[in-house]
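No lab work stands behind these numbers, since they all come straight from the coordinates. Predicted model, so just to flag it, every value in this text is computed and none were measured. Don't worry about glycine lacking a Cβ; one is built from the backbone with ideal geometry, like all the others, and counts go over all protein chains shown.
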Amino acid sequence: MKILDIAFKDMLRSFRSGFAIIMMFGLPLLITGLFYLAFGGIINGDNDQLAPTKVQVVNLDQTQGVAAGNSLVTFLQSQELTKLIAVTVSPDEASARQAVDSQQAGVAVIIPANFSNTIMDSATGAATAVTLYQDPTLRLGPQIVRELIGHFLDHYNGSRIAGGVLAAQAGKYGVTLDNTASQVAGLEYSQWAQTQGAQPNQLLDLQAPASQSANDKPLTSLIGSVMAGMMLFFVFYTGADTAETIVKEEEEGTLARLFTTPTSRPLILAGKFVSVVITLLIQVVTLVVASALLFGINWGAPLPVGFMTVGTVVLAAGFGLLLISFVKTTRQSGPVIGGALAITGMLGGLMTTGFNNIPSFFATINLLTPQGWVLKGWTSTLGGGGVGDIIGPWLVSIVLGLALFGVATLIFRRRFA
Amino acid sequence: MLQVVTQPQVPGKAANHNGPIAIRVEGLGKNFDKIQAVQDVSFEVEEGQIVSLLGPNGAGKTTTLSMLACLLRPDSGDAWIMDYSIKTEAAAVKQAIGVVPQEIALYSDLSAKENLQFWGKMYGLRGPKLTGRVEEILELVGLTERQKGPVAKFSGGMKRRLNIGVALLHRPQVLYMDEPTVGIDPQSRRNILDSVKKLNREGMTVLYTTHYMEEAQELSNRIIIMDQGKVIVQGTHQELVKIVGEQDRINLTVSQVVPKEIAERWHALEGVNRVSLNEDNSLTLLVSDSNLILPNLFEVATGLGARITSVDIQEPNLEAVFLHLTGRGLRDS
Ligand SMILES: Nc1ncnc2c1ncn2[C@@H]1O[C@H](COP(=O)(O)OP(=O)(O)OP(=O)(O)O)[C@@H](O)[C@H]1O
Ligand SMILES: [Mg+2]
């Protein structure tokens, strides 16, 4: 089987090249890995990726009744936050700081004595100083606490405005509210607002939509989308790069030498095509399996995943061969491959997978590129879609891929006639 | 500058045709856009002979070989290798020939052994036969010790040797070698020339291109001189040098005498055909046989009280033939 001899020779060459291996497997996994590390740890609480940060809280707020200090303590202790922070109430500032110094806690939160007054003082609007005392070696934990308290304070700004509005309204009717009354009104507004659903834990909605829904789907789906984009980008790259060996062999003189052996030209070209297809198949299967193991991505049911694997390989091979059929020298092929794949990859949506705020017309633009169609299919399988959901994009990939194959074959056969 | 050259009739040409013909070329022509790379080239190579295509850069040697290797389609003419037409029986032609390309054509990221294994498969060798041949060739080209490392790390000479080895894997009946000694050290060159002779002794027909006349002279049964796409002359080495006449050229410098005086005396000698006086006061003589005439030249000089301070004898060579036929040197271009 000379056709396989030629294909295996090509594969031996490319799998021996460290650069090719990095582009095939290293980069897509690495880039997705970076996303995974950046987002995975925070959100994926269920997997104990990150232990909750230990927080010491000292409440020195002396105000009686509905005091802001108490509200903040209650907020930090709330059920929703237990995955993120473990709160211990400390009797005094010194012992709280001591706990941080001895690394018993990551952060100490010190609520000052005049906290309620300052926070509700609509006249001054002065910034309230809640002191955070933190372990300098930690980054993420103190950051979370800072965000949480910031959000709590923002919320109170709302209350303060409400208090101010109330005072003004009362004034219209000839009632004067003293400072305390407006404070009380503000705090009551705040508590009312909390019961109405404007809870502080909305913060978690912003930062981590994941923890809101069941069984952490959104995170793996985010990482899955990123991985799909990266995989497709580098699979299309590998398709063109492997096809480039045709031009490379032309320059090396080995193609001409092959033509002097008793091996027909169509067979030599076919061997090259086979090497592209097998290489891509190995790449896609490896990336799907490796990313499932490394990042816990659930690519979907076996059948649709198998379909999309074949569709991706055929389309990326056809597209790569077509690109290379326009290229005369390896000097040209770098810019052509790089430029064409970066542009079509970007328009195909490969770089923006997992982003929520993409304008909807972009989904239409995606489908003007080959990459957009396979991405659509993979997005379906990632979302648990069956064969019925991917059959459209799959058919397009196969038909388009075979068409590109055909055109590339014609161009190459004319060139090497 | 441009001479119209009609192919001289070389005596004894027909008498050379004894054995069966391995390569028969008739009226081969090839154009690249406006360049007529090969025009109306015809020649024959008998089985078991080494024939050289000798010519300067751009003479059309590689283009001719490429057509004979079924790599390029001729625009006119045809050729038969072991009686297979390059136009209609390319597959059979390719099985019969081994091609050593002018530029090294190997996979530089594969080892010598991997290269040989792959190319062997392209010639249809498999299994133990392939393994055996690969070992033999490694031995033949002296690369058994270096069979594992990537070819990229080889010296120029080692690459050249492997480049030749690849063409021998399937024991071709006819071997084309396109300037196989270009750019390598004298020792490797010697090596290659010797192995070409050895292959030929074992019965292989060789078509060899070169622009070194010494190689053509040493190796070939017959020499075909090409220039600007055409065959300008062909024959054995002896036949070709006869074209410039059977004269040796002797360059002499003399002292203590008026050169003109000695020139006249020398010219009067039997066997001296021409004496010319050069600008640097040296003398150039065309003689029938330098061995016979040299003692007489010295005798005359002594009689005149002159001293011969240098003698340089040039037997007629292919360089002179090329110069004679084209008005240019082989290495002008
Ligand atoms: N592929 C090509 N396209 C255009 N012109 C070509 C091509 N190949 C050869 N030529 C031209 O044809 C002529 C003959 O070239 P060829 O390579 O056959 O010469 P050569 O005798 O092998 O020379 P050298 O000793 O330099 O290898 C040259 O003028 C060359 O420029
Ligand atoms: Mg040449």
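With the simple spin-label model, which puts each label point 7 Å out from Cα in the Cβ direction, the A:T330 to A:F19 separation comes to 0.8 nm. Applying the Karplus relation 6.51 cos²θ - 1.76 cosθ + 1.60 with θ = phi - 60° to region A:286-301 yields 3J(HN,Hα) values of 4, 5, 5, 5, 4, 6, 5, 6, 6, 10, x, 6, 9, 6, x, 5 Hz, where x marks Gly and Pro.
Residue by residue through A:258-268, how many Cβ atoms from other chains fall within 10 Å of the Cβ on average?
6
Cα axis of helix B:290-303 to longest principal axis of chain B: angle in degrees, 0 to 90, nearest 10? Roughly 30 degrees between the two axes.
Solvent-free Debye calculation, one equal scatterer per alpha-carbon of region B:3-241: log10 I(q)/I(0) at 0.15 Å⁻¹ equals -1.04.
Mean per-residue shielding of peptide B:101-110 is 5, counting Cβ atoms of other chains within 10 Å of each Cβ. Length gained on full extension, B:D289 to B:R190: 32.5 nm, using 0.36 nm per residue less the C-alpha separation. Rounded to the nearest 20, the size of the Cβ-charge dipole of region B:246-315 about its Cα centre is 240 debye, with Lys and Arg at +1 and Asp and Glu at -1. Here's how it looks for B:Y208: its modeled amide H is under 5 Å from those of B:V51, B:S52, B:L53, B:M177, which are all 5 or more places away or on a different chain. In a reduced charge model with +1 at each Lys and Arg Cβ and -1 at each Asp and Glu Cβ, chain B shows a dipole moment near 1240 debye about its Cα centre. Each peptide in A:9-17, A:370-378, A:383-391 was scored by the mean count of other Cβ atoms within 10 Å over its residues; highest first, the order is A:370-378, A:9-17, A:383-391. Here the 3J(HN,Hα) profile of region B:19-26, calculated from phi with Karplus coefficients 6.51, -1.76 and 1.60 at θ = phi - 60°, is x, x, 8, 8, 10, 10, 10, 10 Hz, Gly and Pro shown as x. Under 5 Å between amide hydrogens, built in the peptide plane, is the criterion, and for B:E47 it picks out B:I21, B:A22 among residues at least 5 positions away or on other chains.
Comparing B:G303, B:G55, B:G27, which has the greatest mean-square fluctuation in the GNM of chain B with Cα pairs linked when under 10 Å apart? Checking each option, the largest mean-square fluctuation is seen for B:G303. A simple spin-label model places the labels of A:S360 and B:E47 8.2 nm from each other, with each point 7 Å out along Cα-to-Cβ. Using the Kirkwood radius built from alpha carbon pairs, what does the Stokes-Einstein equation give as D for region B:246-315 at 4 °C and 1.567 mPa s, in µm² per second? The calculation lands on 110 µm²/s.
Is there a pair in A:K272/B:K121; B:K30/B:K242; A:K9/B:K121; A:K2/B:K159; B:K159/B:K198 whose C-alpha atoms are over 22 Å apart, and which pairs would that be?
B:K30/B:K242; A:K2/B:K159
The protection proxy used here, the mean number of other Cβ atoms lying within 10 Å of each residue, ranks peptides B:94-100, A:70-76 as follows, highest first: B:94-100, A:70-76. Packing around the peptides A:225-232, A:133-140, taken as the average count of other Cβ atoms within 10 Å per residue, puts them in this order, highest first: A:225-232, A:133-140. Comparing B:E103, B:E264, B:E135 in a Gaussian network model of chain B, where Cα atoms under 10 Å apart are tied by springs, the biggest mean-square fluctuation is seen for B:E264. Amide H contacts under 5 Å for A:T53: A:I85, A:A86, restricted to partners 5 or more places along the chain or on a different chain, H placed in the peptide plane at 1.01 Å from N. Beyond 28 Å in Cα-Cα separation lie the following of the pairs B:K153/B:K230; A:K328/B:K113; B:K34/B:K87: B:K153/B:K230; A:K328/B:K113. Subtracting the Cα-Cα distance of A:A113 and A:I282 from their residue separation scaled by 0.36 nm leaves 54.3 nm. Taking A:K248 as the anchor, which aspartates and glutamates have their alpha carbon closer than 13 Å to its alpha carbon, excluding any fewer than eight residues away along the same chain? Once the sequence-local aspartates and glutamates are set aside, what remains near A:K248 is A:D10, B:D109.
In order along region A:326-341, the Karplus-derived 3J(HN,Hα) couplings, from 6.51 cos²θ - 1.76 cosθ + 1.60 at θ = phi - 60°, round to 8, 9, 9, 9, 5, 5, 6, 5, x, x, 5, 5, x, x, 4, 6 Hz, and Gly and Pro are given as x.
At 222 nm, what value in deg cm²/dmol follows for chain B if DSSP H runs of at least 4 each add -39500 (n - 2.57) and the sum is divided by all its residues, to the nearest 500?
-10000 deg cm²/dmol
Across all directions, the shadow cast by the convex hull of region A:257-328 built on its C-alpha atoms averages 6.6 square nanometres.
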